[in-house]
Amino acid sequence: MLTPAEAERQIIDHIAPFHREDCPLVTAHRRVLRSEIRADRDLPPFDRVTMDGFAMRADSIAGGTRVFRIEALQAAGMRAFKLGAAADACIEVMTGAVLPEGADCVVPYEETERDGANVTLNQEHAHLVAGHAVHRRGSDHRAGEILVRAGTRLTGREIAVAASCGQGVLTVTQVPKIAVIATGDELVEVDTAVAAHQIRRSNDYSLRAALALAGYPNVARYHLRDVRHEIEHLLWHIIAEYDVVVISGGVSKGRFDYLPGELDRQGVRKIFQGVGQRPGKPMWFGVSARRTPVFALPGNPVAAYTCLHRYVLPALAHASGATPALPRTVALGMPVTFKPNLAYLLPVKLTSGPAAELVAIPDPSNTSGDFAGLLETDGFVELPAAQSEFPRGTLAAFRPWI
C-alpha cells in the first residue's frame, strides 16, 4: 500500500487546476488570489501627520524660536497649505492630514501652550527634529511594489490592502461545485425517526461544514443506498455535474460495497485504493474522463474526517492555486506505542512546553466511529509506519482540524 505521502503526491499529480474568475472586492474574502496586488502609488501617498498639533520647521526650533504664530488649520482630507516664510510660522494640523508644504515636523498639542493665535513650545520639548510625528511618503511601500502575492487566501487584511490600492475587482479561483455523498442502507436523515438498527447521517454534514470553513462553500449533500441501479443512476449525474466528488463509505471489501465497480464502469479511473494508515486504510481516489477528482473516503466518521483533512483539503488548495500550507512540527507530550505496520494519524490536544514549544498530547478516539472523541482535540499528528515506539519528545507533523 501507499504511504500517506505517496498517496498525497499521486492526488496532486492527477488533480487539474480550477478555473479563475473576476470577483468584486466586497465578496472576495476567503477566495484564493490568482494575480498579485501591487501598490498603485506610494504608501502613504503623502507626508502624513500622525498627531494633532502644529506643523512647523525644525530649523526654527533649533534656532531658538519658541513662540509661533498659527496661520491656518489643516484637517485630514484637505489640500495641503503652504507654510509662510517667517521663522515663527506654523499651521495647526489634525492626525491624518497632509503635512503642509514647507513644514517638516509636528509638535503635539500636549507639548505646547496656546494663547489665541500664538502657541508656545514647552521648554522640555524644544529639541524636536525634522520628521517628528510625520509618516513619510513611501516609507511603507513604493508604487509598483508587490503587496499580496498570488496564491494567498484572502482575509480582511488582504482585502484592506486591495481596497487601499484601488482594486475593486480581483482575479480569484472559481469556487468549485462539490458533491458530498453519504452511502449505506443504515443511514437516515437527522430529523427523522431512527430505528434500533439504523444510524443518523453525520459524515455528509461534517464534511460539508469543514469544506465550507476551508473556503469551499458550494457543497451539495447526497445519500446513496446500497442499491446498484440507484448508485448507477445518481452517480452518473453527480460526476457529470460537479467539479469534485467526495464519497464516504462503500469502498471497503464488503458484499454491498458496489462503488468501486460502478465508478470503474462510469469511466472513473482508479489512481489508488488503500493507504497504509490508521484510520482511513480503505481510502480510494480516482479521476473521471473529464478530470473530475473523486475521493472515496472510509465510512467511519473519524476516518472520513481525518482523510478529508489529510488529503482532500490539501488537494483542493493545490487546485485553487493556494500557497501550500506546510504542517507544523510538534513534540509528543507522552510516549506512544503503535504496533501495526501503518502510519498512525493520531488525534491530539495542543499545549505549550516550558520553552513555549508546541506539545501534542495524544487523545485517540475510542473507535473510528467515535466522532465525539474528537471534540476536545485540535488536530492530528502523523506518526510513520517505520517505527512502533515513539518516546516523549518525538517530533511529528501536526495538521489542525478546520
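The values are calculated or read from the model by the stated rules, or taken from the named source; none is laboratory data. Everything numeric in this text was worked out from a predicted model, so none of it was measured. Neighbour counts are summed over all protein chains in view; Cβ atoms, including those assigned to glycine, are modelled from backbone coordinates with ideal geometry. Heads up: the accessible areas ignore ligands, DNA and RNA and are worked out on the full protein's heavy atoms, side chains in. Shrake-Rupley method; radii C 1.70, N 1.55, O 1.52, S 1.80 Å.
Data for the structure
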{"quantity": "Answer from 185, 140 - the residue that is of a type in the set (Asp, Glu) and closer than 19 Å to residue 38 by Cβ", "calculated": "140"}
{"quantity": "Flag if residue 144 is modelled with pLDDT of 95 or more, farther than 13 Å from residue 48 by Cα and open to solvent by less than 40 Å² (accessible area, probe 1.4 Å)", "calculated": "yes"}
{"quantity": "Among residues of the range 211-234, those that are in a helix (DSSP H, G or I), under 37 Å from the mean Cα position of the chain (by Cα) and either at pLDDT below 95 or buried (at least 19 other Cβ atoms within 10 Å of the Cβ) (or both), counted", "calculated": "5"}
{"quantity": "Residues of the range 163-177 classified as assigned to a strand (DSSP E or B), within 19 Å of the chain's Cα centre (by Cα) and surrounded by fewer than 22 Cβ atoms within 10 Å (Cβ to Cβ), total", "calculated": "1"}
{"quantity": "Condition broken by residue 372, with the remaining ones in (1) assigned to a helix (DSSP H, G or I); (2) in contact (Cβ under 8 Å) with a residue 60 or more places away in the chain; (3) surrounded by fewer than 23 Cβ atoms within 10 Å (Cβ to Cβ); (4) not aromatic (Phe, Trp, Tyr) satisfied", "calculated": "(2)"}
{"quantity": "Where residue 96 falls short, out of the listed (1) at pLDDT below 95; (2) on the phi > 0 side of the Ramachandran plot", "calculated": "(1)"}
{"quantity": "Count of the range 319-356 residues which are hydroxyl-bearing (Ser, Thr, Tyr) and either within 21 Å of the chain's Cα centre (by Cα) or buried (at least 17 other Cβ atoms within 10 Å of the Cβ) (or both)", "calculated": "4"}
{"quantity": "Hits in the range 76-93 (condition: more than 16 Å from residue 121 (Cβ to Cβ) and either among the basic types (Lys, Arg) or open to solvent by 50 Å² or more (accessible area, probe 1.4 Å) (or both))", "calculated": "76, 77, 78, 79, 80, 81, 82, 85"}
{"quantity": "Conditions (1) open to solvent by 20 Å² or more (accessible area, probe 1.4 Å); (2) within 21 Å of residue 63 (Cα to Cα); (3) assigned to a loop (DSSP other than H, G, I, E, B): number failed by residue 103", "calculated": "(1)"}
{"quantity": "Residue that is least open to solvent (accessible area, probe 1.4 Å) [pool: residues in the range 57-75 that are charged (D, E, K, R) and more than 20 Å from residue 47 (Cα to Cα)]", "calculated": "66"}
{"quantity": "Test result for residue 378, of a type outside the set (A, V, I, L, M, F, W, C), free of Cβ contacts under 8 Å to residues at least 24 places away in the same chain and surrounded by 15 or more Cβ atoms within 10 Å (Cβ to Cβ)", "calculated": "no"}
{"quantity": "Which numbered condition residue 128 fails, given (1) modelled with pLDDT under 95; (2) surrounded by fewer than 18 Cβ atoms within 10 Å (Cβ to Cβ)", "calculated": "(2)"}
{"quantity": "Residue identified as of a type in the set (D, E, K, R), within 30 Å of residue 20 (Cα to Cα) and open to solvent by 20 Å² or more (accessible area, probe 1.4 Å) among 153, 136", "calculated": "153"}
